[in-house]
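What follows is a set of notes on a single structure, which appears directly below.
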Amino acid sequence: MDEVLTGLLRPKSIAIIGASATPGKIGHTVVKNLVESGYQGGIYPVNPTADEILGLKVYKSVLDIPEPVDAAAITVPAKFVIDVTKECGEKGVKGLIVISSGFAEVGDTELEEELVRIANSYGMRVLGPNVVGTLSNSDNMNASFAPFLPLDGSASLVSQSGALLIAIDAITFTRRIGFDKLISIGNMSDVDFADTVAWLNEDENTKCITLYIEGITDGRRFIKESANTHKPIVVLKAGVSEHGAAAAASHTGSLAGAQKIYSAAFEQAGAIQATDLSDLFNCTLALSLQPPMQGDNLLVLTNGGGVGVLATDSAEEAGLPMKFAPEAVQEELKKHMPSFGSAKNPVDLTGMAGNEWYFDSTKYAFAHEWVDGLVVLYCETAMTNPMEIAKSLHRAITETGIKDKPVTISFVGGERSDEAMQWLVENGIPAYNDPHLAVKAMGTLRDYARLQELKNEPINNNHKVDKQAAMDIIEAVRANGRTGMTEIESKGIFKAYGLPVVQTSVVTSEEEAVETAESFGYPVVMKIVSPDILHKSDAGGVKVNIEDEVGVREAYKTILENAKAYKADAEIHGILIQEMAPWGTETIVGSVNDHTFGPTVMFGLGGIFVEVLKDVTFRVAPISEKEAQIMLDGIRGAPILDGVRGEAPRDRKALAEVLSRYAFMITDLSEEILESDANPILVYEEGKGVKVVDARIILTEK
Ligand code: ADP
Ligand code: MG
């Protein structure tokens, strides 16, 4: 565990620099909050003019404090922060909680950088600046200006928004979702999400890590640290940030939205992404109280047919379609319901179900090996007492002694049901006031388990490639003063990385064109080769299915004329003669070098509609072959690859291989390639492979 971060987040003593005797001032509030939260460590107010604050001795400088100081909460105006930081460094403080604002958030990045540089030079870490502070129930510590410690619990929240952190602090009591720590991360000048995730992973009082993120500084480090945790992570990502860095010269550039790449990155990090604030709480509740769901068999118990049907719909949506339980299970369950009940799934105990039937069926079902996750639904009835039902359910679950299988509950009813659910949550069982949410929570526990399996998939980083050949082409293009590469140059790179490109040659005369076409064999494709024409069809620069010498001669002339008409001063390198690939399903593979996550690969169905349909999926490169297969399934048009209308299934294996190789290429050449795409890659029947017919690379500026 990082000792310095421990000093910052679980300090044994705190100095409040800028402490004030005036109620209402932040420097006063922080002292008061520390005292009122029952913090047992040393509290040392620092202020050159005051003598005593809330009965505590005030020091003129942090250097006057006779005891060691772990953390310093700084509330002085920005212009004094540098001096104070130096004193803290001299004192041997471990971490600074910089509550003061007036740094990067108002445009003063220089001051912020100086603060971090000086702090780091003393070995100190900086939380913030511009933070609310940090709160920890297990340390009875409210080192912030948020009004009180949150409801106690086993999740910990890291928030980039201070206002939201304060709001969540209050919400914990009304939503009955407990947190051990609330950490305000502010401007993230130094301590960032990756740091806090790694530290919370080691924190004995945190079971679930909850993040509110607006933007990440080092995307790759975040993925790495998150993937390394053994605790669930839930993320709410706000804001579609400006993503202007990548020029939209390629298809991928125009398709890559920050949000899509963030979502991909969270998946690769093994983190659950919440859709909104409510969802963030619902997911946190499930993941902080229950183990992951290790298989797909969901059993739903209910006393009402209606909520059972609702649950069935929700299960489908949550990726856990309901299946009937095995006969033997149904037979046993029938013993705990009236004759008109149903032992299929959802299991309908009927409105006659009381404590005993709920107890017996829950205990049996939860213990049965077929069941991977149990959802119990209850509609309040005149004959039953919600609290008694809740207690029966809890006892049934506990008596099985099973701890590695999840259960979630929903009570639908009034105040008595709410109280019963509150009791359930306090006793470790997530309960929701809507059957949909109980099923969705189970889906989250299943998703979490699935994501953890993927984290261990090996990534092949040993493809046999000819990097030198690729670098030679790149250097020649750079020497020519360009960043846009022609199809033939791009294909040279693809080929060096083992991607299956169609046979291609450049010719510079009609005679040569005929000769080359004959040597390839008809039909052939002919295209313009010009660094000024990157979208060739737009310029009338592509002729397909040319069947003889006459066709070649005609195409040669027409393509050149079209190119001149399109752009009179276009630099023309010649005409491309290319093997005509047989028809196949058109797909697109592309890449962007994202400014947060680095090289990122994209997959979608290709062809002319790709930009309209935007049916594409992203992954931060490199990727395992398993991840590549998941990408193929990740688009809406995925069934097209299985073959539609009597077509044979497409060669997904070959396509996945090409995708992971492509991801390797853009990673290996991440210094050079800014954007690229292969549109289309034609995909053939199973066993018949794929062909890259077009390629485009935009180099980084150097
Ligand atoms: P553009 O620069 O306009 O994207 P392409 O090289 O992709 O040019 O060619 C346009 C279209 O022509 C492709 O989408 C594909 O349908 C077809 N095509 C191009 N090259 C070949 C080829 N070698 N074999 C078969 N079809 C091809
Ligand atoms: Mg193309």
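The values are calculated or read from the model by the stated rules, or taken from the named source; none is laboratory data. Model, not experiment: these values are computed from the prediction. Note that each Cβ is placed from the backbone with ideal geometry, even for glycine, and that neighbours are counted across all protein chains shown. The accessibility values were calculated without ligands, DNA or RNA, using every heavy atom of the protein model including side chains. Shrake-Rupley method; radii C 1.70, N 1.55, O 1.52, S 1.80 Å.
Per-structure values
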| read-out | value |
| --- | --- |
| Tally of residues being in contact (Cβ under 8 Å) with a residue 60 or more places away in the chain, out of contact with any Pro (no Cβ under 9 Å at 6 or more places or on another chain) and closer than 18 Å to Leu451 by Cα across the stretch 270-283 | 1 |
| Residue, farthest from ligand 1 (Cβ to nearest atom), within the stretch 651-702, restricted to residues that are closer than 23 Å to Ile459 by Cα, polar (S, T, N, Q) and not in a helix (DSSP H, G or I) | Ser670 |
| Selected residue (only one of Arg645, Arg619 is in contact with a strand residue (DSSP E or B) (Cβ under 6 Å, 6 or more places away or on another chain) and farther than 23 Å from Leu534 by Cβ) | Arg619 |
| Within the stretch 517-530, considering residues that are in contact with a strand residue (DSSP E or B) (Cβ under 7 Å, 6 or more places away or on another chain) and either open to solvent by less than 10 Å² (accessible area, probe 1.4 Å) or within 16 Å of ligand 2 (Cβ to nearest atom) (or both), the one farthest from Asn562 (Cα to Cα) | Ala517 |
| Residue selected from the stretch 398-455 under the condition polar (S, T, N, Q) and over 25 Å from Trp370 (Cα atoms), by the criterion surrounded by the most Cβ atoms within 10 Å (Cβ to Cβ) | Ser417 |
| Residues satisfying the stated conditions in the stretch 145-167, i.e. within 25 Å of the chain's Cα centre (by Cα), farther than 19 Å from Trp423 by Cβ and part of a loop (DSSP other than H, G, I, E, B) | Gln160, Ser161 |
| Hits in the stretch 543-562 (condition: of a type in the set (A, V, I, L, M, F, W, C), buried (at least 20 other Cβ atoms within 10 Å of the Cβ) and within 16 Å of ligand 2 (Cβ to nearest atom)) | Ile559 |
| The stretch 13-32, residues that are within 12 Å of Met141 (Cβ to Cβ) and surrounded by fewer than 23 Cβ atoms within 10 Å (Cβ to Cβ) | Ser13 |
| Residues of the stretch 503-516 that turn out to be over 12 Å from Ile575 (Cα atoms), within 13 Å of ligand 1 (Cβ to nearest atom) and either open to solvent by less than 30 Å² (accessible area, probe 1.4 Å) or more than 42 Å from the chain's Cα centre (by Cα) (or both), as a count | 0 |
| Within the stretch 591-634, considering residues that are within 16 Å of ligand 1 (Cβ to nearest atom) and part of a loop (DSSP other than H, G, I, E, B), the one modelled with the highest pLDDT | Gly606 |
| Residues (closer than 17 Å to Ile402 by Cβ and of a type in the set (Asp, Glu)) located in the stretch 357-388 | Asp360, Glu369, Asp372 |
| Residues of the stretch 43-64 that turn out to be in a loop (DSSP other than H, G, I, E, B) and under 46 Å from the mean Cα position of the chain (by Cα), as a count | 4 |
| Among (1) in contact (Cβ under 8 Å) with a residue 40 or more places away in the chain; (2) assigned to a helix (DSSP H, G or I); (3) open to solvent by 10 Å² or more (accessible area, probe 1.4 Å) - the single one Trp357 does not satisfy | (1) |
| In the stretch 598-628, residue nearest to ligand 2 (Cβ to nearest atom) [restricted to those that are in contact with a Phe, Trp or Tyr (Cβ under 9 Å, 6 or more places away or on another chain) and β-branched (Val, Ile, Thr)] | Val616 |
| Glu510 touching a helix residue (DSSP H, G or I) at 6+ places or on another chain (Cβ under 7 Å) and either modelled with pLDDT of 95 or more or within 14 Å of ligand 2 (Cβ to nearest atom) (or both) | yes |
| Qualifying positions in the stretch 135-154 - surrounded by 22 or more Cβ atoms within 10 Å (Cβ to Cβ) and out of contact with any Pro (no Cβ under 9 Å at 6 or more places or on another chain) | Ser136, Asn142, Ser144, Phe145, Ala146, Leu149, Pro150, Gly153 |
| Of all residues in the stretch 168-203 being hydroxyl-bearing (Ser, Thr, Tyr) and outside any loop (DSSP other than H, G, I, E, B), the one that is farthest from Leu149 (Cα to Cα) | Thr196 |
| When residues of the stretch 662-701 are limited to those that are closer than 30 Å to Glu647 by Cα and away from ligand 2 (no atom under 16 Å from the Cβ), the one surrounded by the most Cβ atoms within 10 Å (Cβ to Cβ) | Ala663 |
| Pair list, Cβ < 6 Å and 6+ apart or interchain, from the stretch 429-444 residues that are more than 17 Å from Asp296 (Cα to Cα) to residues that are assigned to a helix (DSSP H, G or I) and not hydrophobic (A, V, I, L, M, F, W, C) | His436/Ser314; Leu437/Asn282 |
| Residues (buried (at least 18 other Cβ atoms within 10 Å of the Cβ) and more than 16 Å from ligand 1 (Cβ to nearest atom)) located in the stretch 563-590 | none |
| Residue that is farthest from Asp360 (Cα to Cα) [pool: residues in the stretch 319-340 that are surrounded by fewer than 20 Cβ atoms within 10 Å (Cβ to Cβ) and touching a helix residue (DSSP H, G or I) at 6+ places or on another chain (Cβ under 8 Å)] | Gly319 |
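Residue-wise test of (1) farther than 22 Å from Asn33 by Cβ; (2) hydrophobic (A, V, I, L, M, F, W, C); (3) open to solvent by less than 10 Å² (accessible area, probe 1.4 Å); (4) out of contact with any helix residue (DSSP H, G or I) (no Cβ under 7 Å at 6 or more places or on another chain).
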site: Lys86; (1), (2), (3), (4): yes, no, no, no
site: Phe103; (1), (2), (3), (4): yes, yes, yes, no
site: Gly107; (1), (2), (3), (4): yes, no, no, yes
site: Met124; (1), (2), (3), (4): yes, yes, yes, no
site: Val132; (1), (2), (3), (4): no, yes, yes, no
site: Leu165; (1), (2), (3), (4): no, yes, yes, yes
site: Ile177; (1), (2), (3), (4): no, yes, yes, no
site: Met188; (1), (2), (3), (4): yes, yes, no, yes
